[in-house]
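This report concerns only the one structure given below.
The values are calculated or read from the model by the stated rules, or taken from the named source; none is laboratory data. On a predicted model such as this, the values are computed, not experimentally measured, just so you know. Neighbour counts are summed over all protein chains in view; Cβ atoms, including those assigned to glycine, are modelled from backbone coordinates with ideal geometry. Each accessible area value is taken on the protein alone, full model and side chains, heavy atoms only, with ligands, DNA and RNA left out. Shrake-Rupley method; radii C 1.70, N 1.55, O 1.52, S 1.80 Å.
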Amino acid sequence: MPDSTNLGAFDGTIGRTVADSRPAFPEPRHPGVDAPNVVVVLLDDTGFAQFGCYGSDIDTPNVDALAADGLQFTNFHVTPLCSPTRASLLTGRSQHAVGMRAVSNFQTGFPNQLGHISNHAATIAEVLGAEGYGTFCVGKWHLAPMEQCSAAGPFDQWPLARGFDRFYGFLEGETDQFHPELVADNHPIEPPAGPDDGYHVSEDLVDQLLKMLSDSKGVRPDRPFFAYVPFGATHAPHQAPQAYLDKYRGRFDEGWDVVRRRWFERQLELGVIPPGTELAPRNPGVDAWDDLPENQQRVAARLQEAFAAFLDHTDDQIGRLVDGLRAMGEMENTVFVVLADNGASQEGGPFGVTHEMKFFNGIFDDGDAMIDQIDDIGGPHSHTNYPWGWAQCGNSPFKWYKQNTHEGGVHVPLVVHAPGLIPEDQNGTLRDQFVNVADVVPTIYDLVGVTPPDVYRGVEQMPVTGHSFAHALVDADAASTNRLQYFEMAGSRALVAEADGVWWKAVCKHDQGADYDTEPWELYRLSDDWSECTDLAAAEPDRLAALVDLWWAEAERHGVLPLDDRMAELFGVRHRDHSPHPADMRYVYRPPMSPMPGQASAPIGGRSFDLTARVTRLSGQGGVIYATGTENSGLSVFVQDDRLVVDYNAFDQHTILESDVALPAGDAELVVRLRRRDGLTGEMSVAVDGSPAGHAVLPRYMRMMSSVGPSLAYDHGSPVSTRYAAPFPFEGTLHEVEIQILTRQDAEARDAEAAAEMSRQ
């Protein structure tokens, strides 16, 4: 007899032969023949006003059509940042409770910032997959610790480990739309084409999803699907095909003051904001358009054109997805949800940027500095984000932006299209119930008839704390089920609460380092002040104090504490053993290797380091040894014309160092030394087989180079250097690349050794 411990829950009988045995075939779970498909489309950094049906004059006919044939929610709220919203959206729980107070790029050692979704909070993909759904994700993940997102893994927080059957997209918070860093399921891949071939990643995502769904439905037509579609759009870089850029030429020359007023007035006409709502004053740092110099106006208008083209193009991809579902005969049995993850972004600074990484390096070019690049904006040779004035326009009628807990950061569009679940006479109507992002998944569970488990794969689950608003799909006058909602981001806090039919909001805009106990809170009566224009803190101090106390109670309940206002400084790596970042700060890479995310590789941004390559080559053989970044910024080390070349591309300002000696044929040790000096400057030098071979001054030493990480023995994506066409693979044998990150003391010691060596030459 076989060991009964291997039989599991076998319901048949086993005799000595098959003749006296009875087989049993376990039936997999199935959600039922009437179970609907579910599609959730998530846009990135898209403000409340930016869809046409929410007030803008940007063309979004496909989202507008979904709203016209479904419901448009006007009082929908999210967290102020991408990863926290995604964690809350996919689990139906508080973002802090599931371990995602900020972006997944770092961990802090506290439960509120694991850098991934807690395993005690099953995602909707895990729950629906266990019920028999096919589950698919295409687009931006940004829910795994980035140092774990290389081809070395671990993979336990990648999409396939969190409930999805298939994944195609990128794991980082942003990517180049023409040269994306792609992952298929659990492995990195190269994009199938480039911009010269008409490639754009948003189109690729929809192509891949439609194929996945056709594969699923072709073989299992009985099985419904859950598809999660988090586009990279409209997060920077704002990039779109040229035809879309051309379409918007001159459309925003009137400037943000005129356009924001027009969008606001259209919002009132459409009814997406209540009568009597005021247009919030310009945010601090946003100048009147008419006061801007001409070049600044020209650049700012072009940056807004790029955003509009990007959104328009994304809307067309949503339309292609809808058309594909209709062609499959699935659209009428699909709950289709469109939302944004937070308000429009402030990360373009006061003037906008032609390269977003400049913002994170504290560089704010004005219009005169950017005017020569105006024709690159929106194309492959740009990494743009628009200025604060256009971001606030996108958040109309609100103030502030993404990262802030005021309405501009957290009040965004939500469209629900659900044939058969929304009465036909309700199609095209508005819903003004207060809804939060954690409420979306409980609503979907209600609509598909699923109860989330108390235990998932042996792990006890925390309660789903979101509130279903399924009743509001059929009743425009239904009461809000969510009447108390906290917000928090890097110390900025807010609480929305209903009392006696009146909605109130207490909000504190925290400045890093300020005293949490003494910094001021504001108080708004949201019922008649959606745009937070009349601060009642002085008039109603007792009410404000009670709401602040309630915020602290909610913070305790949802795992918000400890408050932590660190952000940019947490992006630095933690060097320790048994990690991608060894304690001795020595990294050794040997090809062939897949491209690496920046945070899983040697952290060279803003640091002094030595790079040593050991090669064997014939005379005339060249190619890239190591490259990180893109054509917009980065570093490339390569061999060309028998010389060692370093191109330090600081936002399209190239400092190129070429060895002053030819490389020998055969074996060679090639060394590149980069040193950070005082201020923003630096130096680089090269050596060949121990002999100094050149030196250059770097006028700008980048602290953060790029969101695109390195590749070994070729340059993946767009070429960092203008001296070659990517991938420019190394033609000889690259044995290894060693990168030694240096402390200031190490750098000084090595510099002294190099100086001594130079004196001996």
Taking H placed 1.01 Å from N in the peptide plane, check which residues at least 5 places from S94 or on another chain put their amide H under 5 Å from its amide H.
T465
Enter the angle in degrees (range 0 to 90, nearest 10) between the Cα long axis of helix 201-219 and the first principal axis of the Cα atoms of the chain, meaning the one along which they spread out most.
60
Only one of the values (1) 81, 79, 54; (2) 90, 85, 51; (3) 86, 60, 54 was calculated from this structure for Cα extents along the principal axes in Å; name its label.
(2)
Once Rh for the stretch 137-281 is found with the Kirkwood sum over Cα pairs, what is the Stokes-Einstein diffusion coefficient at 4 °C and 1.567 mPa s, in µm²/s?
71
Quick one: ranking K505, K211 by accessible area, 1.4 Å probe, largest first, what do you get?
K211, K505
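First measure r as the distance between the Cβ atoms of M328 and S594, then evaluate 1/(1 + (r/R0)^6) with R0 = 35 Å and state the FRET efficiency to the nearest 0.05. Write out the running numbers ahead of the final one.
Details: r = 34 Å, r/R0 = 0.97.
Between M328 and S594 the formula returns 0.55.
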To the nearest 10 Å², what's C53's accessible area with a 1.4 Å probe?
20
Estimated distance in nm for a label pair at E278 and S619, the labels positioned 7 Å out from Cα along Cα-to-Cβ
8.0
Peptide ranges 56-62, 552-558, 522-528, 158-164 listed from the most packed, as the mean C-beta count within 10 angstrom indicates:
158-164, 56-62, 522-528, 552-558
Cα-projected label distance for R249 with T681, points at 7 Å along beta-carbon direction, nm
4.3
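Looking at the chain, send over the antiparallel percent of its DSSP beta bridges, to the nearest 5.
About 75 percent, rounded to the nearest 5.
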Mind jotting down the distance between the C-alpha centroids of the stretch 94-142 and the stretch 548-603, whole Å?
16
Listed peptides 580-589, 529-538 by packing density, highest first (mean Cβ within 10 Å):
529-538, 580-589
Average silhouette area of the stretch 261-308, convex hull of alpha-carbon atoms, in square nanometres:
4.4
How many nm is it between the label spots at Q512 and L270, if each spot is 7 Å from the Cα in line with the beta carbon?
3.5
Evaluate E = 1/(1 + (r/R0)^6) for H695 and H120, where r is the Cβ-Cβ distance and R0 equals 51 Å; express this FRET efficiency to the nearest 0.05.
0.40
With θ set to phi - 60°, apply the Karplus curve 6.51 cos²θ - 1.76 cosθ + 1.60 along the stretch 263-275 and write out the HN-Hα couplings as whole Hz, x wherever there is a Gly or Pro.
5, 4, 5, 5, 4, 5, 5, 6, x, 7, 10, x, x
Which one, A240, P154, N186, is farthest towards the positive end of the dipole of the stretch 128-252 when Lys and Arg carry +1 and Asp and Glu -1 on their Cβ?
A240
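Using 1/(1 + (r/R0)^6) with R0 = 41 angstrom and r between the beta carbons of L570 and E27, what's the FRET efficiency to the nearest 0.05?
Once the sixth-power term is evaluated, E becomes 0.30.
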Can you find, among G250, C393, G218, the residue farthest towards the positive end of the dipole of the chain? Put +1 on the C-beta of Lys and Arg, -1 on that of Asp and Glu.
G218
The stretch 634-708-the stretch 438-487 distance, computed between alpha-carbon centres (Å)
55
Checking the a/c ratio against 1.5 first, then a/b against b/c, what shape does the Cα gyration tensor give for the stretch 460-581?
oblate
On full extension of the chain, what length is gained from D287 through E460, given 0.36 nm per residue of separation minus the C-alpha to C-alpha distance?
57.0 nm
Most packed first (mean Cβ within 10 Å per residue), the peptides 13-20, 251-258, 236-243 order as 236-243, 251-258, 13-20
Which whole-number percent is the relative contact order of the chain (Cα, under 8 Å, 6+ apart)?
15
Long-range HN-HN contacts of M100 with modeled amide H, under 5 Å
L114
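Using only alpha carbon positions, build the gyration tensor of the stretch 621-685, then give the equivalent ellipsoid semi-axes as the square roots of 5 times its eigenvalues, largest first, whole angstrom.
On the way: eigenvalues 102, 40, 17 Å².
Ellipsoid half-lengths, sorted descending, are 23, 14, 9 Å.
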